[in-house]
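The values are calculated or read from the model by the stated rules, or taken from the named source; none is laboratory data. Keep in mind that what you see is a predicted model, and the values were worked out from it rather than measured. FYI the Cβ positions are ideal-geometry reconstructions off the backbone, even for glycines, and counts take in every protein chain you see. Just the protein is used for accessible areas: all its heavy atoms, side chains included, with ligands, DNA and RNA removed. Shrake-Rupley method; radii C 1.70, N 1.55, O 1.52, S 1.80 Å.
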Amino acid sequence: MRRVRIGYIRIREIRGLLRVEVVPISREEALRILRGERSAGKAEDRDQV
């Protein structure tokens, strides 16, 4: 079985430059987002806390 890293891409613009980062999330968190129980924006807020 092959392992797949799950995450989403966060893009920010800082002074005209784009900063792209991949934010890793757990499999359970990814399933919640896909089911609509949680939004990626709320997952992002959780990472910042």
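Around Arg19, with a cut-off of 13 angstrom between Cβ atoms, what is the net charge of the other residues, counting Lys and Arg +1 and Asp and Glu -1?
Cβ neighbours under 13 Å give a net charge of +1.
Which residues' amide hydrogens lie under 5 Å from the amide hydrogen of Ile6, considering only partners 5 or more residues apart or on another chain, with H built in the peptide plane?
The list, which skips near neighbours in sequence, is Ile25.
Counting only the heavy atoms of the protein chains, how much of Arg35 is accessible to a 1.4 Å probe, in Å² to the nearest 10?
Per-residue accessible area (Arg35): approximately 150 Å².
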